[in-house]
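Okay, structure first, notes after.
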Amino acid sequence: MAIPEHVEFVIIGAGIHGLSTSWRLAQKLIDKGEEVEGRIVVLDKSGIASGASGIACGVVRNNYFQPAMRRLMAHSVDVWESDPEGLSYHPVGYMQISCEAMREDVRTIFEQQQEIGYESVFIEGENASTNYMRGMFEDWQAKNITSVLHEKRGGYSNNTKAMYGLSAKVEKLGVRIISGIEVKGFITDSTSNAVSTVVTDKGDITCEQIIIGAGPWVRDFWSMLDLPKQITVKDLDGEIHKNVDMWRYWQLEEGVLTVPPEALLTDDGKMPPVIHVDTDAPLYSDVDGSVITEEMWGIYYKPDWHFGGVQGGASPYKVNTPVDEVAIDPYGPSSPEFVSSQEFAHMWVSALAHCHKRFEGTMPKYHREPSGGIGCFTPDSFPVFDKFNENVFIIADSNHGWKMLGVGHLVADEVMGENQELLEPFRFSRFENGELHPVSNSPYPWS
Ligand SMILES: Cc1cc2nc3c(=O)[nH]c(=O)nc-3n(C[C@H](O)[C@H](O)[C@H](O)COP(=O)(O)OP(=O)(O)OC[C@H]3O[C@@H](n4cnc5c(N)ncnc54)[C@H](O)[C@@H]3O)c2cc1C
């Protein structure tokens, strides 16, 4: 089929955000009694789920210290729950299991979840926490745990299955997805700053609205739009930082222990919630007993039939290559440079054994294929959802994105003229205005 010369809505990136935006846009046109055919196109240089969305662990949770993130996640969980089967979504819940340094922060999260009606329970104290966990897993043995937040909603979804479910949904509504077409730049209108033409390697496409959901490639689109590579950031103490890089990369470390996924069912044979443990107990190697770390560490994991084992990850690490020189392609497990490290495998499996006796001695079962991938982060590690050049909406999610299925819906509503209060705390201007999100005591850049 020929590449169209003109389309009203051009969406760049067939990842979770691009497809979610197209879903809502199409539905809104249909609800108004209008045609969808020929009006919405999704362009991807590779194909559906070829970016971060195709390798995401798939965890969907509400647990965020930042109130604006929590409200946004509650909205996204509603969208996941709207079609669990079509979106390959498993509503098994989620647990944040923490050491004393995090107890207060997590209690705040719990209290605010109660305020917004997000169902969860909060267990406090070392004995109570251990008993709660042993009620699920008799071999639970994690140390220094003094609180458990158990979110009854959320869970996880299977990355590529969910993406193919989503693409089938939007194609049925009349959206056209074109793979193998690379966006190279933009041409702005002669009389305004608006983008009138998307330049691709297969020809130019004129359009009225552009939505960019480019995951780790957002750096390149930022350059194409001549947006500032370095910005001014006013921090939470009011201090001004000049010439801060707008983007930086982190390696997201994930892997699979190739035991039967059933090995992590609860003692009564049920699917457990997704488990996330953060503790300051020293972590010892399950291979030779040496100290891996005496600093705070964290892991998350779940039984996963799609990945074929117990799948999960740990804190990411900073990529030190200068941001403009980071090679994003080939992406994910195909990257010669950015895949999960041997140190990660050792740490993660030892941490699993720290938490459950059943995982002691399982290091040989760690899969040896490359996994993980890089993510592009903003200066405060939280998303930017904003309009630039009058008609270009950028969704830069700073790697909170899989769970944020609802963001595309909110963006579609904004593009159709309805301002969304849930997106307000994520505007680009927050860096200069000092309206950053609060920071927690978690070992992750994103909690
Ligand atoms: C290892 C890993 C695990 C993760 N786990 C989780 C998790 O458990 N839960 C969670 O909430 N988040 C998770 N994330 C983050 C989440 O995956 C991302 O935030 C989200 O998938 C980003 O979606 P996206 O649609 O913006 O981008 P992507 O899925 O990366 O899609 C961008 C698309 O843009 C296309 N593209 C790029 N450049 C061009 C161009 N010039 N022209 C045309 N097309 C282009 C790419 O081919 C790609 O398909 C994880 C990320 C990683 C890397």
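The values are calculated or read from the model by the stated rules, or taken from the named source; none is laboratory data. Since the structure is predicted, the reported quantities are computational estimates derived from the model, not experimental observations. Quick reminder, even Gly has a Cβ in these numbers, built from the backbone with ideal geometry, and neighbours come from all protein chains shown.
Of the residues in segment 261-271, none is assigned to a loop (DSSP other than H, G, I, E, B), within 16 Å of A351 (Cα to Cα) and at pLDDT 95 or above.
Selection over segment 187-206 of residues that are part of a strand (DSSP E or B) and more than 11 Å from the ligand (Cβ to nearest atom) gives a count of 9.
Scanning segment 364-373 for residues that are out of contact with any Asp or Glu (no Cβ under 9 Å at 6 or more places or on another chain) and in contact (Cβ under 8 Å) with a residue 24 or more places away in the chain, we see that the one that is farthest from the ligand (Cβ to nearest atom) is K365.
Candidates are the residues of segment 60-77 that are in a loop (DSSP other than H, G, I, E, B) and not hydrophobic (A, V, I, L, M, F, W, C); the one that is nearest to the ligand (Cβ to nearest atom) is R61.
For K45, the criteria (1) buried (at least 16 other Cβ atoms within 10 Å of the Cβ); (2) away from the ligand (no atom under 16 Å from the Cβ); (3) in contact (Cβ under 8 Å) with a residue 40 or more places away in the chain hold in every case but one, which is (2). A search for C-beta distances below 7 Å between a residue of segment 337-351 that is modelled with pLDDT under 90 and any residue that is in a helix (DSSP H, G or I) and of a type outside the set (A, V, I, L, M, F, W, C), counting only pairs 6+ apart in sequence or on different chains, returns V339/P333. Meeting the requirement of 2 or more residues that are hydroxyl-bearing (S, T, Y) and under 20 Å from K403 (Cα atoms), the helices (runs of 4 or more DSSP H) wholly within segment 79-172 are 159-172. All conditions in (1) under 25 Å from E294 (Cα atoms); (2) modelled with pLDDT of 95 or more; (3) of a type in the set (D, E, K, R) hold for D105, with the sole exception of (2).
Among the residues of segment 20-38, those that are without any contact (Cβ under 8 Å) to a residue 60 or more places away in the chain and outside any helix (DSSP H, G or I) comprise K32, G33, E34.
Selection of segment 132-178 for residues being among the basic types (K, R), in contact (Cβ under 8 Å) with a residue 40 or more places away in the chain and farther than 21 Å from A74 by Cβ yields K143, K161, K169, R176. When each of T206, T197, T191 is tested for being in the same structural domain as S53 (by TED's automatic domain parsing) and either within 19 Å of S20 (Cα to Cα) or touching a Cys at 6+ places or on another chain (Cβ under 9 Å) (or both), the lone residue that passes is T197. Residues in segment 157-199 that are closer than 26 Å to G308 by Cβ, of a type in the set (A, V, I, L, M) and surrounded by fewer than 18 Cβ atoms within 10 Å (Cβ to Cβ): A168 alone. Filtering R24, R71, R61 for residues that are among the basic types (K, R), within 29 Å of Y118 (Cβ to Cβ), touching a Leu at 6+ places or on another chain (Cβ under 9 Å) and at pLDDT below 95 leaves a single hit, R71. So, of the residues in segment 278-296 that are part of a loop (DSSP other than H, G, I, E, B) and in contact with a Ser or Thr (Cβ under 9 Å, 6 or more places away or on another chain), which turns out to be farthest from Y444 (Cα to Cα)? Ranking the qualifying residues of segment 278-296, first place goes to V287. Restricting attention to segment 230-255 and to residues that are away from the ligand (no atom under 14 Å from the Cβ), part of a loop (DSSP other than H, G, I, E, B) and of a type in the set (A, V, I, L, M, F, W, C), the residue that is nearest to S440 (Cα to Cα) turns out to be L236.
N399 meets each of the listed conditions (1) within 19 Å of M163 (Cβ to Cβ); (2) modelled with pLDDT of 95 or more apart from (2).
Looking across I299, I275, I328, one residue alone is in contact with a Ser or Thr (Cβ under 9 Å, 6 or more places away or on another chain) and within 19 Å of A142 (Cβ to Cβ). It is I299. Could you tell me whether F338 is within 11 Å of the ligand (Cβ to nearest atom) and not assigned by TED's automatic domain parsing to the domain that holds W217? So F338 passes the test.
Within segment 354-385, the set of residues being assigned to a helix (DSSP H, G or I), hydrophobic (A, V, I, L, M, F, W, C) and buried (at least 22 other Cβ atoms within 10 Å of the Cβ) comprises C355, F359.
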